[in-house]
1. Using the structure shown, decide if B:Ala246 is surrounded by 22 or more Cβ atoms within 10 Å (Cβ to Cβ) and within 28 Å of B:Gly344 (Cβ to Cβ).
2. Can you name every residue in the range A:421-431 that is of a type in the set (A, V, I, L, M) and either within 10 Å of chain B (Cβ to nearest Cβ) or closer than 29 Å to B:Arg197 by Cα (or both)?
3. Whether any residue in the range A:336-344 is assigned to a helix (DSSP H, G or I), in contact with a Leu (Cβ under 6 Å, 6 or more places away or on another chain) and away from chain B (no Cβ under 13 Å) is what I want to check.
4. Identify, from the list B:Asp84, B:Asp135, the residue that is of a type in the set (Asp, Glu), in the same structural domain as B:Thr199 (by TED's automatic domain parsing), touching a Ser or Thr at 6+ places or on another chain (Cβ under 8 Å) and within 26 Å of B:Ile465 (Cα to Cα).
5. Testing B:Ala225 on (1) crowded, with 24+ Cβ neighbours inside 10 Å; (2) more than 12 Å from chain A (Cβ to nearest Cβ); (3) in a helix (DSSP H, G or I), one condition comes back false. Which one is that?
6. When only residues in the range A:457-485 that are without any contact (Cβ under 8 Å) to a residue 60 or more places away in the chain and under 30 Å from A:Ala269 (Cα atoms) count, which is farthest from the other protein chains (Cβ to nearest Cβ)?
7. For B:Ala133, state whether it is farther than 26 Å from B:Gly355 by Cβ and among the small types (Gly, Ala, Ser).
8. In this structure, is B:Pro89 in a loop (DSSP other than H, G, I, E, B), under 22 Å from the mean Cα position of the chain (by Cα) and either away from chain A (no Cβ under 14 Å) or over 30 Å from B:Leu198 (Cβ atoms) (or both)?
Amino acid sequence: MTELVLPQIDWTPFAPLAPVAVGGLMTLTVDLFLPPGRKQFIAILSLIALAASILLSINSWGTVRYGIHDAVVLDRFSLFFYLVLGLIGILTILLSMSYLDTAVADQGEYYTLVLFSVLGMMLMAAGGDLIVIFLGLETFSLALYTLAGFWKTELRSNESALKYLLLGAFAGGFFLYGIALIYGATGTTILRQIPDSLADGHPPSLLFLIGGGLLLVGFGFKIASVPFHMWVPDVYEGAPTSVTAFMIAGTKAAAFAAFLRVFLLALPALHMRWSAAIWVLAVLTMTVGNLVALVQSNIKRMLAYSSIAHAGYLLVALVAGGSSGVGSILFYLVAYALMNLGAFAVIIAVQGSEQERPLLADYAGLGWQQPMLAVCMALFMFSLAGIPPTAGFMGKLYIFSAALESDYPGLAIIGVLNSVVSVYYYLRIVVIMYMSETPSPPPRIPASAAAVLAVLVSVLGTLHLGLFPARLLDLARQSVSAIIG
Amino acid sequence: MSPTGGPILSILIAIPLCGALLLVFIDGARDALIKRLALAISSLAFLLSLIMYAQFDPAIAGMQFVERTSWIDSIGSSYLLGVDGISLPLVLLTTFLTPIAILASFSGIVSRVKAYMICMLLLQAGMIGVFVALDLILFYLFWEGMLIPMYFLIGVWGGRRRVYATLKFVLYTMAGSVLMLLAMIAVAYLHQGRVGRLTFDLLELIGGPIPYGTQLWLFAAFALAFAIKVPMFPFHTWLPDAHVEAPTAGSVLLAGVLLKMGTYGFLRFALPLFPEAAAAFTPLISVLAVIGILYGALVAMVQDDLKRLVAYSSVSHLGFVMLGIFAMNLQAIEGSILQMVNHGLSTGALFLLVGMIYERRHTRMIEEFGGLSRLLPRFALCFLVVTMSSIGLPGLNGFVGEFLILAGTFRAHKVLAILAALGIILAAVYMLWMWQRVMWGQSRRSENLTLHDIGRREMAILIPIILLILWIGLNPNPLLRRMDASVAQLLCDVRSTECERQGTAWRVSDNGAGQVSPSFVLYPTPYTLYPVVEARSTN
């Protein structure tokens, strides 16, 4: 009788993932035993899980490990995203706590779904194998489909979930097909091995090119790049506001994490070949996003289009490439998450326990009724518009300086002109808050503490990165060195 | 560090910033306290700037009170501040005008006083920052950052079309600025290509050779940003709207300080960074400046709104400043810097006066007035002095600046100087005609008969300006002397020539080829000698 030989598995790469997974399972179980109305406890449990994950990530900083045959990679790049996603998760839960009380039924599974979604996103950032990346993609997407439709009685929420599911599945199909073709061309799905299988000097085969192209389409859907952006406005508008905030910040970060790792680590051959294609995508994405955002009257829809435009800026940095280009993507994603989550936290804090108030006109006179919240909202708008001294300005500065460094002056010029266009619609919110006449202001409900905390964290982060960006930028550049040779 | 060792410039920026923060925590209902505090804080900054003025060493051409702290190392940007003879007058102008503008708002601003005063103080910090920042990114941070308070000042406390005006102001400025930001980054990368180190330190970047073709593009990007701010014809259309809709204090600071940021930008950045391109653009910009002088004056002539008239007169006056800058000699540039100050004083005062009469009558239409000189004698007297200063009456400050600009320009391009001189005549026409319609004759409305003359607070606002107008007019030398060294240094940078200091005059040699002799003109009163340095071109 021979002894069963267990494979040696290094579990350390999974350490920062573990609290999130365990937290997800625990919240699911605890929820069964909690009476209705006591679900805040689950939120706190989720916060603890995310905080634990962040602490473990900080603790692992600097180590490089590969888990289960490269399936999951622990390096500075994935750790950077663990931190970012943990922050996004915490802010999301904070701003959900007051929102769930009121707008959506008070349900514990919400937090479970958020945790699993964060887990999927983290897996995507850490995936060293295309299959694992796909698993991560589907994990967070499935959780988000449910979250988008969480507001069961609201027709728009149902529509949002259905649209997201259909188009998400479609994009997932592209992605999986791409993986299959790349496997056919190279015989592997492990990212590190793909370039080696091509290294014999031959140009990449047609199969490989098509596979890469399909992957690009799949990522294009997830980062909401034009022309794969059609789902964004409807889904973001219909979903519960807290979920929209999470999707805007989290999806973008996770999708870019995987996108960068796949294209820079596994497909460098294609990256060179396609910088022209991504150039075009970047210009289209910025321009379409900004121009359509100009005419929106619903704040969620406007921010949805603005998120498309921001995907365009990020693509500019991808075209620029190099450690400054990719580093600026990482920096920008943090800035982007802070200012968007902050803006959504204000939206949630403002509506209090009332009905959704998504129209821009609903913000008339807010500047004088809720001065602190309105100042924060104004700051987030200035930051999104890229006006100093905010994180958004520094982010754009890095992106466009990377574009100039890599000799893409045309792209940089189109980018900055786009950001001038965007100033108009971001400032429109400020105009409405401060400069419009309100005949009889409706009474405002005091904002909940959790949402205010989320606003506060975002404001401090936005200002801090606007004034003292050096440390995060250094961190971002260090992280990038993990995937760029 | 300053001679006393303190980071005086940082403190100068920090005073209004901390003051704004302090106001946040004060109950918004206590208007009177907030107003006094804001006045005290901005006056404190003014006092500090006076200390700086006293400690400023006119003999040093380079930067003084320099502060350097590392900021964003990875992109080579540092927290670098400094003042020289070019920025010193403008810093003083800023710190001088802000308390006056705040005092002037005591009666005009009745709602949301707290937010208003916070914006004013933030604006002051931003304006000072623009004039003392020597790192390109830091400069840009202040340059764009101060859009935010100005945006609120016009948009919240402005007139009927305030939203349109404020958005136009912000979008125009942004559109010009973003390209300048790219050009700044490009300058830094070009420099990195030469020396292998990325830096945004202006003093280090100046003098680096940039290929001529590239220079043209980069200069154009900088020039666009600054020309919109100045504003130069044909980028001036935002100005009348912004001025007319802005509250009085907003107009004062907009005309008094913000416009100078554009002309200052040319002197500080565009000329020394891209000297050859600046030379190539000189004909175009000089002609546009003259067009601006004449166009602004002609359009001012036909305005029926007092504020709009003053706004267009700004276009004309700033044309003079631009013309002087691009004459590129010591006399004209010093005239331009002085004229920036003069314009800040006279136009600022004009806006204050228009604001005072507007508070009384709630109209600014010239046709509504008439005969005010008998009804409001004190008001009329102040108005007269300021009008004369704006026209350029000898003995008052406007004359000195315009004289120097025209004299300097005449040596560079005679035709343009002659055409520009027409602008002075036109200025006399529109200002005196306006004066005549408002002040003389019979009052055309019975409401005017019951107006009360300006009171103590309003005198306190106007008298410091008028004293300064007289002082600069009679004795401009203290200010001019402080500019000499720095402007001469600037000319060296622009002409890429070797300079060395000799005695009281600057010796400029055109790579040894040119002959230089310091010449002196009598200026402007028989008892002052004014040194003129000129590089005689041999080609």
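The values are calculated or read from the model by the stated rules, or taken from the named source; none is laboratory data. On a predicted model such as this, the values are computed, not experimentally measured, just so you know. Because the Cβ atoms are built from the backbone with ideal geometry, glycine has one as well, and the counts that use them run over all protein chains shown.
1. Spelling it out, B:Ala246 is indeed surrounded by 22 or more Cβ atoms within 10 Å (Cβ to Cβ) and within 28 Å of B:Gly344 (Cβ to Cβ).
2. First, pick out the residues of the range A:421-431 that are of a type in the set (A, V, I, L, M): A:421, A:423, A:427, A:429-431.
Within the range A:421-431, A:Val421, A:Val423, A:Leu427, A:Val430, A:Val431 meet the criteria.
3. Narrowing the range A:336-344 to residues assigned to a helix (DSSP H, G or I): A:336-344.
From what's left, in contact with a Leu (Cβ under 6 Å, 6 or more places away or on another chain): A:339, A:341.
Pick out the ones that are also away from chain B (no Cβ under 13 Å) and you get A:339, A:341.
The answer is yes, given that some residue of the range A:336-344 is assigned to a helix (DSSP H, G or I), in contact with a Leu (Cβ under 6 Å, 6 or more places away or on another chain) and away from chain B (no Cβ under 13 Å).
4. Numbers: B:Asp135 fails: within 26 Å of B:Ile465 (Cα to Cα).
Testing whether each residue is of a type in the set (Asp, Glu), in the same structural domain as B:Thr199 (by TED's automatic domain parsing), touching a Ser or Thr at 6+ places or on another chain (Cβ under 8 Å) and within 26 Å of B:Ile465 (Cα to Cα) leaves just B:Asp84.
5. Status for B:Ala225: all satisfied but (2).
6. My answer is A:Gly485.
7. yes
8. Here the answer is no, as B:Pro89 does not meet what is asked.
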